[in-house]
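Chemist: Sharing a structure with you now.
Readers should treat all values here as calculations from the given coordinates under stated rules, not as data from a laboratory. Since we're looking at a predicted model, the values are computed, not measured. Positions of Cβ are backbone-derived with ideal geometry, glycine not excepted, and every protein chain shown enters the neighbour counts.
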2 protein chains.
Amino acid sequence: MNESTADRLVTAAAKLLEDGVDAVTLRAVAKLVGLSHNAPYKHFKDRSALLAAVAERDFLLLKNAFDHARRTSRSPLAALKTGIAAFIAYGREHPARYRLMFSDPELVSQGGAMEARAMEAFQAFGALVADCQATGSFPATDTKALTALIYSSLHGLIDLELGGRARESKGLGSIEAMSALLLELLSQNRILSGTRSLD
Amino acid sequence: MNESTADRLVTAAAKLLEDGVDAVTLRAVAKLVGLSHNAPYKHFKDRSALLAAVAERDFLLLKNAFDHARRTSRSPLAALKTGIAAFIAYGREHPARYRLMFSDPELVSQGGAMEARAMEAFQAFGALVADCQATGSFPATDTKALTALIYSSLHGLIDLELGGRARESKGLGSIEAMSALLLELLSQNRILSGTRSLD
DNA sequence: ACCTGAACACCGTTCAAGT
DNA sequence: ACCTGAACACCGTTCAAGT
């Protein structure tokens, strides 16, 4: 079973993305696959649709990394930490692809398959969090809310580092230290189980 | 004292940014100011430099919002909450300008004046956090680290909402609820003052 | 169904020239 | 010092045509 032309276009686009999103021109993608400069239009509606397909594939990779961490770790907390490490590593190794998935204005609310994969990745991460709650490592707050807080915070740390806004001078030297701090905060807190109002 | 041509170009670019970063073509900017399509080059090195100037101005606005919150609120915690609310409101009202400041790959590590303003905004936010620590509302951890954690988490929440990745279905419905949850976690935790190792 | 080549409108950037 | 107009290379997208 050979790779379809569409798949090869996505692979080529992902490869070019390593040089930044601007490097992904339809002409360059087509050339890399060995087709004429407008052949991509027979497989994708436009440039955005091709980029969405790359993000879709990457969300699946992320989901798989989370699932793998869950299956192979010896404790829920260890699994979560492995998942977080994979998330961070992904952002560092593929910054443009990471930004495409999470921060690209073109791909906003495109719905479709990419959105579905994005949600599956989020849910796989949520399973890691739920496991930590089940063993009492984390407070028994609403799982979705807790997952969302950790997931967003992690994204913020990664995104600021990618943008160069996280330098030692700002105290943002290590994402790892920051996320560990966050987990520590969560592990030691027991009050969230009850009602949730402060003000 | 009239606005300089450079200032008018920045203002025009900021205005066009409301329609997305792609709407900011040098030709459109020049036209809005009433100049020929390449007049901007006499004031800015290239398109990136003009966008950086917009971000620079916006970081100053953000810093001023933080400073204002600090001066006008009746308690450190109230000041921090006001600052956070301003941060969130800014992201929602000017998504493209927000993304330009924090997540634009073109403006990475450009150094220069924008980087300086970005740090001033971060430091102004840090003053709000430090005040909360001084009154015992927050643990006496390293202020920069604590500031960075809150700042990044907040950014992550805002960025994911702007990207449409924060829907009710994911439990990310309200940035306000999430940031309140984070502050609650911080307020109730006292252990961070001591040594910081978990694993 | 899938691909090609020509063409269009648009853009960032450079350059020679004007005042 | 600041601005203009022409020009270049490049890009997304469309269309008519081929197999």
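Chemist: Under 20 Å between alpha carbons, and skipping anything fewer than 8 positions from A:Lys144 in its own chain: which aspartates and glutamates qualify?
Modeler: Within the straight-line limit of under 20 Å, A:Lys144 reaches these aspartates and glutamates: A:Asp67, A:Glu115, A:Glu120, A:Asp131, A:Glu184, B:Asp159, B:Glu161, B:Glu168, B:Glu176, B:Glu184.
Chemist: Next question. In nm to one decimal, list the spacings between the A:Gly112 label point and its equivalents in the other copies, with label points set 7 Å along Cα to Cβ, shortest first.
Modeler: 3.5
Chemist: Quick one: Kirkwood hydrodynamic radius for segment A:10-67, alpha-carbon pairs, angstrom, one decimal?
Modeler: About 11.8 Å, per the Kirkwood formula over Cα pairs.
Chemist: Then there is this: Regarding the protein assembly as shown, what are the three Cα extents along the principal axes, ordered largest first, in Å?
Modeler: Its Cα atoms span 71, 59, 33 Å along the three principal axes.
Chemist: At a Cα cut-off below 23 Å, give the lysines reachable from A:Lys42, other chains included and same-chain residues fewer than 8 away excluded.
Modeler: Leaving aside lysines fewer than 8 places away in the same chain, those within reach of A:Lys42 are A:Lys15, A:Lys31.
Chemist: Distances from A:Lys15 to the same position in the other copies: list them in nm, one decimal, shortest first, using label points 7 Å from Cα along Cα→Cβ.
Modeler: Relative to the other copies, A:Lys15 has label-point distances of 4.6 nm.
Chemist: Now a separate question. Using a cut-off of 9 Å between beta-carbons, work out the net charge of the residues near A:Ala14 (Lys and Arg +1, Asp and Glu -1, A:Ala14 not included).
Modeler: +1
Chemist: Could I ask something else about it? Just from its helices, what would the mean residue ellipticity at 222 nm be for chain B, if runs of 4 or more DSSP H residues each count -39500 (n - 2.57) and the sum is divided by every residue, rounded to the nearest 500 deg cm²/dmol?
Modeler: -22000 deg cm²/dmol, from helical runs alone.
Chemist: Still on this structure: Residue by residue through B:118-124, how many Cβ atoms from other chains fall within 10 Å of the Cβ on average?
Modeler: Shielding by partners across B:118-124 averages 2.
Chemist: Here is a further query. Roughly how many Å is it from the Cα centre of segment B:1-34 to that of segment A:88-136, as a whole number?
Modeler: One Cα centre to the other: 35 Å.
Chemist: Right, something else. Please list, in order, the residues from segment B:2-26 whose amide nitrogen is less than 17 Å from a point placed 7 Å along the Cα→Cβ vector of B:Lys45.
Modeler: Label zone hits: none.
Chemist: Output, in nm with one decimal and in ascending order, the distances from the B:Glu176 label point to the matching label points of the other copies (7 Å from Cα along Cα-to-Cβ).
Modeler: 3.9
Chemist: Check the axis relating chain B to chain A and name the residue of B whose C-beta is nearest, distance in whole Å.
Modeler: Nearest to the symmetry axis by Cβ: B:Gly156, 1.
Chemist: Run the quick spin-label model on B:Glu18 and A:Glu3: label points 7 Å from Cα toward the beta carbon, then report their separation in nm to one decimal.
Modeler: Distance between the two pseudo-spin positions: 4.5 nm.
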